[in-house]
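Presented below is the structure to which this report refers.
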Amino acid sequence: MKKQAEKPSTPERKRKPFLRRKVCRFCTDKKLEIDYKNPKILRFFITERGKIIPRRISGNCAKHQRQITLAIKRARNIALLPFTTVTK
Ligand SMILES: [Zn+2]
């Protein structure tokens, strides 16, 4: 009476072709600071239409994604970033 445990001891790490595993850039680069007064950095994390890019895609960690979200919202309030980009 053997109970077959089908738990693989080592899960295979396969690379998904269309989703690169990015590491949070703020964790990687300590010099990078999330600053709501710096739209250059924040622009990496918004779409062309001014939407915030979700964590799944941006690859940020939860901690930094929250800070970015906050920074973007602040930047919007002081008109450094658009709420939506007007397409002509
Ligand atoms: Zn991070």
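The values are calculated or read from the model by the stated rules, or taken from the named source; none is laboratory data. Values in this document were obtained by computation on a predicted structure and should not be read as measured data. Reconstructed Cβ throughout: ideal geometry from the backbone, glycine too, with neighbour counts over all protein chains shown.
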Practice item. Filter the helices (runs of 4 or more DSSP H) completely within the stretch 25-88 down to those with at least 2 residues that are more than 13 Å from the ligand (Cβ to nearest atom) and surrounded by fewer than 15 Cβ atoms within 10 Å (Cβ to Cβ). Key: 55-58, 62-77
Review point. When you look at Lys22, is it within 15 Å of the ligand (Cβ to nearest atom), modelled with pLDDT under 85 and on the phi < 0 side of the Ramachandran plot, yes or no?
Key: yes
Point to revise | Matching residues, the stretch 44-88, being more than 15 Å from the chain's Cα centre (by Cα) and of a type in the set (Ser, Thr, Tyr) | key: Thr84, Thr85, Thr87
Practice item. Could you check, for the stretch 56-74, whether at least one of its residues is out of contact with any strand residue (DSSP E or B) (no Cβ under 9 Å at 6 or more places or on another chain) and farther than 24 Å from Lys30 by Cβ? Key: no
